[in-house]
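The structure appears below as structure tokens.
We did not get these values from a lab; they are worked out from the coordinates using the rules stated. Everything numeric here is computed off the predicted structure, so don't read it as measured data. Quick reminder, even Gly has a Cβ in these numbers, built from the backbone with ideal geometry, and neighbours come from all protein chains shown.
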Amino acid sequence: MSHSNRKGVEQARGQLPALLAEAERGRSTIITRHGRAIAAIVPVDRMTAGKRQKSLLALAGSGRGLWGPVGQIRLRKLRDEWDR
């Protein structure tokens, strides 16, 4: 089981080579700014082990007919509002 530690931005900047070496050994580091987590240095194998998003290609064209039979008219009216 790997452990993680927390470092402030400035501290992490000064220790980057050491943090990268720790990541190679399987240890994660959370980078914080003003006490709030903003980034993480994680081992690559853990990053790619997460679930990948499914392709959105199957949804292509699935919105057809969403605006009803007069969709073109409605869209034209919406676009015209932006030209005012």
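Near residue 32, the amide H atoms lying under 5 Å from its own belong to 7, 8, 9, 38; only residues 5 or more places off or on other chains count, and H is placed 1.01 Å from N.
Computing FRET efficiency as 1/(1 + (r/R0)^6) for residue 81 and residue 55, where r is the C-beta to C-beta distance and R0 is 25 Å, gives about 0.15.
Principal axis extents of the C-alpha atoms in segment 1-40 (largest first, rounded to whole Å): 27, 21, 11.
Taking 0.36 nm per residue of sequence separation and removing the Cα-Cα distance, the residue 46/residue 9 pair yields an extension gain of 11.1 nm.
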